[in-house]
Amino acid sequence: MSTPAAEHAPGLASADGVAARARGLTKAYGSGETAVLALDSVDVDIARGRFTAVMGPSGSGKSTLMHCLAGLDSVSSGQVWLGDTEITGLKERELTRLRRDRIGFMFQSFNLIPTLNALENITLPMDIAGQRPDQKWLDQVIDTLGLRDRLRHRPSQLSGGQQQRVACARALASRPELIFADEPTGNLDSRAGLEVLGFLREAVDGLGQTVVMVTHDPGAAAHSDLVLFLGDGRLVDEMARPTAEAVLERMKRFDVIRRQHDDGAPAQGD
Amino acid sequence: MLKATLRSFLAHKGRLLLSALAVLLSVAFVAGSLIFSDTVSRTFDRLFASTAADVTVSPKKTLDESVPSGATATLSADLAERVARVDGVAAARAEVEVQNITVVDDRNESVSPTTGAPTLGTNWNPTERSPVELTSGHAPRGPTQALLDSETAERRNVRVGDALTVIAAPGSFKVEVVGIVTFTTTNPGAALLFLDTPTAQTKLLGDPEGATAITVDAAPGVSDETLKERVAATLGADRYDFRTAGEQAQSDVEQLGGFLDIIKWVMLGFAGIAVLVGVFLIVNTFSMLIAQRTRELGLLRALGADRRQVRRSVLTEALLLGLVGSTLGLAAGIGLAAGLIELMGVLGMNIKSTEMVIGWVTPVTAYVVGVGVTFVAAYLPARRAAAVSPMAALADAEVAGVGRPLKVRAIVGAVVGAAGAAALVGCVVASDTGSAASLLGLGVVLTLVAAVIAGPLLVRPVIRVLGGWFPALFGSIGRMSQRNALRNPRRTGATAAALMVGLALVGGMSVASASMTKSFDEQIDQTLGADFVLQNANFVPFPREVTKQVRETEGVGLVVRSQFAPIAVKLPDGDRIETTAVGYDPELDEVANITYAQGDSAAALAPGRLAMDRDFARDHGVRVGSAIPVEFQGGRKADLTVGALTDQESAEGFGMQGGIYFGLATLERYAPGAQDSALYVNGSPGTDPDDLRGSLEATLEAYPQVQVRDIADYKQLVHDQIAVLLYLVYALLGLAIIIAVLGVVNTLALSVVERTREIGLLRAIGLARRQLRRMIRLESVVIAVFGAVLGLALGLVWGLCTQQVLALEGMTALAIPWWTIIAVVIGSAVVGVVAALLPALRASRMNVLAAIAHE
């Protein structure tokens, strides 16, 4: 597994390339009669150099999809590729290295190690790998996110928005092939949330990164290039160049379907 | 509220497991030692009570022998006839029992117990009170027949018909084993040899008319007390010791008591260490549980529980833990006592485990200790829990208690530490041993308390240094483990304190013992001038026959004998001091280099003279020329003139206060019958030491109890004896370390639970399992080494001060066992690695997604 950074420098990534791909991706919890399908044969392509949002109501499987694409969770059947690497079937140790070297993560909360300062948190994946960060790139990321004067601060000394910016910087720092952001604005007020979304947008436009964001906030999804809608474990729709209103409209239709479906539909908490 | 407490207790039972184990260990040692000593003393009480005669008459004993002289006090066997005529006496018998014989088989190997228990030579005079019965063969008749006890016979494979040699004070003689006797009661561990009465008198005592005691049976209806009074009136109450059966049994028990007391105190020492170290573990567990439950406690408070209820809830949990731990500990203590009794059996002291005595004191003490310790340890955390504000329920889950200032600790620690340091300085400058020792004790306790209180304050500076090279060596993993150790200084401090206590003791003891060894070495080098020293490994005297044979050995030039005698001296300042004096042959200067402040060996050893230590003389107003009234065993008195004062590092203690010695002729005149304790041998001119050694060893072939030692061997003997003390300390250390390891495991395990989300995040962003394990391992190592460094630093200071105090007693050399100290530091790192095994495994097995979602 080579370092992806060398393979695609920013700006060179073609919009038509595929950063990640899933075919027949199925994830079931439990077994036999009581099995619950969180993902039901999902086929999806994540375009390189784009900002993709995954939306869906609670229990639609959107977080499970992200976890499976990121190699955090095992799949029941189907295949997942990251770039040209099939990650389904990889061993635990290889998956760990894959996450470390080729994927960046942002979570809703508790993103940072409290004992490390901002800079140490940002370079942590590379430190773990025993690699030296690319200083020029690192500077660029830090300046883009406006963290220059916060580098020596511990997480407890940073505001929620600043913490998410540090998490964003960490996700970007190793120039991963793919950045997964799981409800990155869920715990932030709207101003800080907008700021973080702006940075993710900038990471794609200015730095040429690929971002997949799971969210339930139509406003957040509106910052993406493409919204994928998930319902009951299936990919039900997608929307290019979304607006908040359009996404909200689309989401309302889930509620209608859900009401029609009664309570019989499989629902899996995420 | 009780329901909530019970739920909480059950919910956290896994986390309380190690605390329960600590309680269990403490209680087990307390209960075990109580049960064991109760059982043993009950057994021997019964044994001695059942075997003691109604009244025993024995030679007057005026002085206690702290160092064996080898002399056997006798009385006339004819007394039995006089006693028999006393009104109310049913029967009176002359008894012979000597303790200082050695019995060897035909291969010249001693059949005596290897445990140091005595071999008793006794006349065969069976009564219904005898502890043994003849189980094979017949009673001994005539000068060459003997009985042996079955346990010794079995152990040494001796059968009826075998020949044995008895080495007794009057001389060696051969006997044939004609019968085997078996204990009907508990065997206290001794080997028993029986001869007929005339043989015992002539060959064991060297006095055909002698006996060591007269045993008297009362006629029906006569009480022991009355009988004793009548017998005493007949024989003269001042001339002999008279004891009733009860008093005799009491005195026998007391003789054994010393040995049993040692076992009891050792066990209680273990219990003390277990309690002390266990407290830290319990405090830490409760502190962590409460820190983790801050929100829950806040919610309880918000819902209307008042502070008292919260505190009571935590204390109830502690009570439950204490009860469970004590109950299990009591059971474990019974097992421990059974094990000890078995062990005694291996050592030759057969006590039946079925006769185990569990007095009511044992369970009461067990529960008081177990519950008390838990309760006390949980009290501070409980108060802290009660102080949780209802707002904590709403606050974000960042663990409470981390950032609280350590100001109070700093102040208290500094005050106690300063007091302790002052006491230690005081003991170093003090010139009087007694006050120096008490200052030392005070200083040790205070500095230990200060170190425990201030430990958390030292966490930051010390671990910054200790773990300083972690980031350079292990990158961000090293950095995180170092900072994790720094994260909660209280917790790290308390965890390390458990290790610190044990290692401080070891550090201090090893410095003291190394200094002792070095001092003895120097002293031996300075004073011992003989080519060889011949003595028994336990300083037990040997028959004069040995001395005679040695003198006749080829190549032997000079033999200087030394004998011990218990004496009491009346000093000019009015003190009466009981001590042990040594008698030497006049050629002392040929085999020893003694420095005199005044006088010389000739003046010291001349008839009617004595020598003593200069400092002792000064303290008691003695000068050269003073006449000192000396009292010998058996009541003989003499005024001896001080002929010389010595100025050397005398090894006082061992019951040898004052360093008093005189000529052997003086000793033989006033306290005859002592045996030689040591022979200092020089070769005749031109004799090769190796040849001489060979000849001496050939001579001593028949006397396996006596060994030949040159100066190096002699030092080794002293080293070995000091080492026995050290082994005990190491055993204590072992226990302390086990509990300390439990503490580290406990802390790490709870920290891992606490940091679940963090671990999940690390795993998600690519930390390999191996790296995660290493991170936890490094944290564990740095905590353990922190404890070791603190403990050893404290121990070194204690050791230095101890040496300074002992220097007043002549132990002037200081030695610091650096290799031991380095080994302990490395060992503590290993302890850290071992302690991290399970917590690290558990952390690395966590499901990443579940960990991230962990609340």
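Putting +1 on Lys and Arg Cβ atoms and -1 on Asp and Glu Cβ atoms, find which of A:G61, A:L124, A:S41 reaches farthest to the positive end of the dipole of the range A:31-143.
So the residue furthest toward the plus end is A:L124.
I'd like to compare B:444-450, B:136-142: which one has the highest average count of other Cβ atoms within 10 Å, and what's the full order after that?
Ranked from most to least packed, the peptides come out as B:444-450, B:136-142.
Using a cut-off of under 14 Å, list every residue of the range B:472-508 whose amide N is near the label point 7 Å from the Cα of B:A414 along the Cα-to-beta-carbon line.
From the range B:472-508, the list is empty.
Return the Cα extents of the range B:159-308 along principal axes one, two and three, sorted largest first, each rounded to a whole Å.
Computed over the Cα atoms, the extents are 93, 46, 27 Å.
Report the charge-dipole magnitude of the protein assembly as shown in Debye, nearest 20, computed about the Cα centre from +1 at each Lys and Arg Cβ and -1 at each Asp and Glu Cβ.
Dipole magnitude for the protein assembly as shown comes out near 5920 debye.
Given R₀ = 41 Å, what would the calculated FRET efficiency be for B:E109 paired with B:S223, taking r from the Cβ atoms and rounding to 0.05?
FRET efficiency, B:E109 to B:S223: 0.30.
Using a ≥ b ≥ c from the Cα gyration tensor of the range B:585-630 (square roots of the eigenvalues), is it rounded, prolate or oblate, where a/c under 1.5 gives rounded and otherwise the larger of a/b and b/c decides, a/b for prolate?
Numbers: a/c = 2.57, a/b = 1.49, b/c = 1.72.
In terms of gyration-tensor shape, oblate.
Pulled fully out, how much extra length does the chain show between B:E522 and B:R239, if you take 0.36 nm times their separation in residues and subtract their Cα-Cα distance?
97.2 nm
Report, as a whole number in µm² per second, the diffusion coefficient that Stokes-Einstein gives for the protein assembly as shown at 10 °C and 1.306 mPa s using the Kirkwood radius over alpha carbon pairs.
Details: Rh = 36.3 Å.
The calculation lands on 44 µm²/s.
Based on the Cβ-Cβ distance of B:A597 and B:T433, what FRET efficiency does E = 1/(1 + (r/R0)^6) give at R0 = 22 Å, to the nearest 0.05? Before the final figure, lay out the partial values.
Numbers: r = 19 Å, r/R0 = 0.88.
The pair B:A597/B:T433 has a calculated efficiency of 0.70.
Would you mind pulling out the separation of the Cα centroids of the range B:104-158 and the range B:664-740, in Å?
Value for the Cα centre distance between the two parts: 27 Å.
Among A:W137, B:W124, B:W265, what is the fewest-to-most ranking by other Cβ atoms within 10 Å?
Ranking A:W137, B:W124, B:W265 by Cβ neighbours within 10 Å, fewest first, gives B:W265, A:W137, B:W124.
Testing the spin-label approximation: label points 7 Å from Cα along Cα→Cβ at B:R544 and B:R383. State their distance in nm.
Distance between label points: 7.3 nm.
Once you charge only the Cβ atoms, +1 for Lys and Arg and -1 for Asp and Glu, what is the size of the charge dipole of chain B about its Cα centre, to the nearest 20 debye? Walk me through the numbers before you get to the answer.
Numbers: 71 positive and 79 negative charges, 1466 e Å.
Once rounded to the nearest 20, the dipole reads 7040 debye.
Taking H as built 1.01 Å from N, whose amide H comes closer than 5 Å to the amide H of B:D676, not counting residues under 5 places away?
Residues meeting the criterion, in which the H sits 1.01 Å from N, are B:F542, B:R544.
Report the equivalent ellipsoid semi-axes for chain B in whole Å, largest first, defined as the square roots of five times the eigenvalues of the gyration tensor built from alpha carbon atoms.
Listed largest to smallest, the semi-axes of chain B are 61, 34, 26 Å.
Rounded to whole Å, give me the distance from the Cα center of the range B:289-350 to that of the range B:61-100.
With the range B:289-350 and the range B:61-100 each reduced to a Cα centre, they are spaced 56 Å.
Considering only DSSP beta bridges where both residues belong to chain B, give the percentage that are antiparallel (nearest 5).
80
Within a 10 angstrom radius of each residue's Cβ in B:473-486, how many Cβ atoms of other chains show up on average? Whole number is fine.
Counting Cβ atoms of other protein chains within 10 Å of each residue's Cβ and averaging gives 4.
Go ahead and estimate [θ] at 222 nm for chain A from helices alone: -39,500 (n - 2.57) per DSSP H run with n ≥ 4, summed, over the residue count, rounded to 500.
Calculated at 222 nm, the ellipticity per residue is -10000 deg cm²/dmol.
Can you pick out the pairs among B:K228/B:K637; B:K518/B:K548; B:K174/B:K548 whose Cα atoms lie more than 30 Å from each other?
Distance filter (> 30 Å) returns B:K518/B:K548.
Just going by the charge dipole of the range B:567-706, with Lys and Arg at +1 and Asp and Glu at -1 on Cβ, which of B:L610, B:I628, B:L645 is farthest out on the positive end?
Sorting the options by dipole projection puts first B:I628.
Ignoring everything except DSSP H segments at least 4 long, calculate the 222 nm mean residue ellipticity for chain B; use -39,500 (n - 2.57) per segment, divide by total residues, nearest 500.
Mean residue ellipticity, 222 nm, calculated: -19000 deg cm²/dmol.
Once both labels are modelled 7 Å past Cα along the beta-carbon direction, what's the B:E154-B:D78 spacing in nm?
Result: 4.5 nm between the two label points.
Which Cα, out of B:Q523, B:V449, B:L534, lies furthest along the positive dipole direction of the range B:440-571 (beta carbon charges, K/R +1, D/E -1)?
Among B:Q523, B:V449, B:L534, the one farthest towards the positive end of the dipole of the range B:440-571 is B:V449.
Any chance you could get the radius of gyration and Dmax over the Cα atoms of the range B:532-709, in Å?
16.9, 52
Considering every residue in A:166-175, what mean count of other chain Cβ atoms within 10 Å of its Cβ is obtained?
1
Taking amide hydrogens as modeled 1.01 Å from N in the peptide plane, which residues meet the under 5 Å criterion relative to B:R609, leaving out close sequence neighbours?
Those qualifying (amide H under 5 Å, at least 5 residues apart or on another chain) are B:T641, B:G663.
Tell me the Kirkwood radius of the range B:720-855: reciprocal of the mean inverse pair distance over distinct alpha-carbon atoms, in Å.
Value: 17.3 Å, from the Cα pair sum.
Going 7 Å from the Cα of B:E554 toward and past its Cβ, which residues in the range B:688-717 have a backbone nitrogen under 16 Å from where you end up?
So the set is B:688-701.
With +1 on each Lys and Arg Cβ and -1 on each Asp and Glu Cβ, how big is the dipole of the range B:532-709 about its Cα centre, in debye rounded to the nearest 20? Present the calculation step by step, with values, prior to reporting the outcome.
Values: 15 positive and 26 negative charges, 142 e Å.
So the magnitude is around 680 debye.
Per residue of B:765-774, count partner chain C-beta atoms within 10 Å of its C-beta, then hand back the mean as an integer.
Values: counts 17, 17, 8, 7, 3, 2, 5, 2, 0, 0.
Across B:765-774, the average partner-chain Cβ count within 10 Å equals 6.
What is the P(r) of the range A:12-260, as percent of Cα-Cα pairs per 10 Å bin from 0?
Histogram of Cα-Cα distances, whole percents per bin: 7, 31, 36, 20, 4, 0.
With contacts defined as alpha carbon pairs under 8 Å and 6 or more residues apart, what's the relative contact order of the range B:532-709 in percent?
Over the range B:532-709, the number comes to 38 percent.
What value in Å³ per residue do you get for the convex hull of the alpha-carbon atoms in the range B:61-238?
Hull volume over Cα atoms, normalised by residue count, gives 132 Å³.
Run the quick spin-label model on A:Q131 and B:T127: label points 7 Å from Cα toward the beta carbon, then report their separation in nm to one decimal.
Result for the modelled spin labels: 9.6 nm.
Convert 4 °C to kelvin, take the viscosity as 1.567 mPa s, use the Kirkwood radius over C-alpha pairs of the range B:281-320 as Rh, and evaluate the Stokes-Einstein diffusion coefficient in µm²/s, rounded to a whole number.
123
Bear in mind these aren't lab numbers, they're just calculated from the coordinates by the rules spelled out. It should be emphasised that the depicted structure is a prediction, and the values quoted were computed from it without experimental measurement. FYI the Cβ positions are ideal-geometry reconstructions off the backbone, even for glycines, and counts take in every protein chain you see.
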